[in-house]
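Input: a single structure, listed below in C-alpha cells.
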Amino acid sequence: MMHQGTHFLQIPGPSPVPADVLAATGRQVIDHRGPEFGELGSKLLRDIKKIFKTQHDVVIFPASGTGAWEAALANLFSPGDRIATFETGHFASLWSRMAIKLGLKPTTLGTNWRAGADPAVIEDALRQDRNHEIRAVCIVHNETSTGSTSRLADIRAAIDAANHPALFVVDTISGLASADLRMDEWGIDVVVSGSQKGLMLPPGLSFNAVGPKALEASKAGGMPRSYWDWSEMIAINKSGYFPYTPATNLLFGLSLVLDKLLDEGLEAVFARHERLAEATRRAVQAWGLENLCNSPIHYSPVLTTVMMPEGHSADAYRRIALEKFNMSLGSGLSKVADKVFRIGHLGNINELTLAGTLAGCEMSLDLAGVPHQRGGVDVAMKYLTETA
C-alpha cells in the first residue's frame, strides 16, 4: 500500500536515522589504511569514550549487539564458568541462552518482567557464593521488551556490599545515548552496545567498552577467539586503525552522530528522553491503559510498553496503525507476544514527532475497537507545553 508523508518508525530500535547522518554513510569509501582514515578512526575512538563516560578502551566491531555480547563472553570466560543474570525480560533471557551455547553456566537470580533487576536479590546471592564461583553479574540496562531500566549504580553497590570479586557486565544496547550511563563512576567492567538505537545509525556496529579488570581477565583466560579478540583490536586502535576491514561508511555516520550528541550535551539528551517518556506515560494513563513496567523508579526513557485489555490483540492493533497511519509500533516478545505494544521514543525525536506518534496510537485505538478513554494526546501535549 502506498502512503503519503513520512513513515513513523516508532519501534524501540532500529530508530530513525537523521537525514544528514544517512547522507554521511553514503559517502564514497576511502582507503582504510590511508591517513584520512587514521584521522577519522582516532577522532571517533576518542569521542565514543565520552558517550560511555569512560577513560578506558572502547572496541568497535562490525556486528550486531548480539555479536558484541559474544565478544564479551568469549574474552572474559572459559567453558564451565558460572555467571549470574537477572531476567527482566526477553533480552535478558537471551543472554543466558547464549551463555549456555558457549559452554558457560548461567544462574538466573530472579525474574521480573515488570521492573528492573533487584539489587537486594543480587547482593544476597553473592553473599551466599562464599567460594566466589560466580565470575560475573550480567545485567540488561534497558530491557527493550518490557520498558524497564535497571539501576546500575545500586547494583554496583550491591556487589561491593557483598564483597564479591565478580565482574559487572552490562548490556546497554538500547540504553546508550538515551538513558544515563556512567561506566567508570558506576564501576562497570564491560559495557555492551550497538549502533541502531540511541546512536541513531543503521544496524551494523557494536561496541565493547572494556575496563582494566576485564582486560586483565581476558589476558588470563577466555575462550579461543580471533575476530572477537580485544587485545589485537586495542593495540591497532591506538593509531586509529583496525586489524581488519572496518564498516567504513557506518563509521562516517558514527563520527557525525558523536558530534551531534556531544554538541547537544549528554545531560540534555537524557533530559529530553525522560521528558518525552513522561509525556508518553501520561497519555497511556489517560487512555486508561496500563504500563507493563509497574515500578516508577524503573520506568524507561527509551520506550513505553503498553498492556492491551484482556481479549484484544496487540498485533491486530499494530496492523491497523501501520495500514491506516503508516506507523510502526513494537511487537510483544516471547512471554508477552500479542499482549503488549511498544512505543519507541528514542534517538532522533522531539515534541512534534511524539505528538504525531501518540495521535496515531489514539486513532488506532478507536479503529481497533480497543476500550479506552480519549484525550491522551491532549494530556501529553499539556505536559509538553508546561515543561517546554
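Values as computed for the structure displayed
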item	result
Index of the failed condition, V59 passing every other in (1) open to solvent by 10 Å² or more (accessible area, probe 1.4 Å); (2) assigned to a strand (DSSP E or B); (3) under 16 Å from G204 (Cβ atoms)	(1)
Count of the range 173-221 residues which are farther than 26 Å from I343 by Cβ, in contact with a Phe, Trp or Tyr (Cβ under 7 Å, 6 or more places away or on another chain) and of a type in the set (D, E)	1
D124, sole failed condition from (1) of a type outside the set (G, A, S); (2) more than 13 Å from F77 (Cα to Cα); (3) over 23 Å from the mean Cα position of the chain (by Cα); (4) in a strand (DSSP E or B)	(4)
Qualifying positions in the range 354-388 - of a type in the set (D, E) and more than 17 Å from M307 (Cα to Cα)	D378, E386
Within the range 183-212, tally of residues that are part of a loop (DSSP other than H, G, I, E, B), open to solvent by less than 10 Å² (accessible area, probe 1.4 Å) and either under 22 Å from A235 (Cβ atoms) or without any contact (Cβ under 8 Å) to a residue 24 or more places away in the chain (or both)	2
Which listed residue, of D31, D47, is in contact with a helix residue (DSSP H, G or I) (Cβ under 9 Å, 6 or more places away or on another chain) and open to solvent by 60 Å² or more (accessible area, probe 1.4 Å)	D31
Test result for I234, surrounded by 20 or more Cβ atoms within 10 Å (Cβ to Cβ), at pLDDT 95 or above and either part of a loop (DSSP other than H, G, I, E, B) or more than 19 Å from the chain's Cα centre (by Cα) (or both)	no
Residue ID - most open to solvent (accessible area, probe 1.4 Å), chosen from residues in the range 154-182 that are of a type in the set (D, E) and farther than 15 Å from L73 by Cα	D160
Only listed residue being in contact (Cβ under 8 Å) with a residue 60 or more places away in the chain and crowded, with 21+ Cβ neighbours inside 10 Å, chosen from T88, T25, T54	T88
Criterion violated by S226 - all others in (1) open to solvent by 50 Å² or more (accessible area, probe 1.4 Å); (2) part of a helix (DSSP H, G or I) satisfied	(2)
Among (1) open to solvent by 10 Å² or more (accessible area, probe 1.4 Å); (2) at pLDDT 95 or above; (3) under 21 Å from the mean Cα position of the chain (by Cα); (4) within 30 Å of L251 (Cβ to Cβ), the one test that L94 misses	(2)
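The values are calculated or read from the model by the stated rules, or taken from the named source; none is laboratory data. Keep in mind it's a predicted model, so treat the numbers as computed, not measured. Note that we place each Cβ from the backbone using ideal geometry, even for glycine, and neighbour counts take in every protein chain shown. To get the accessible areas, we keep the full protein, side chains included, count just its heavy atoms, and leave off ligands, DNA and RNA. Shrake-Rupley method; radii C 1.70, N 1.55, O 1.52, S 1.80 Å.
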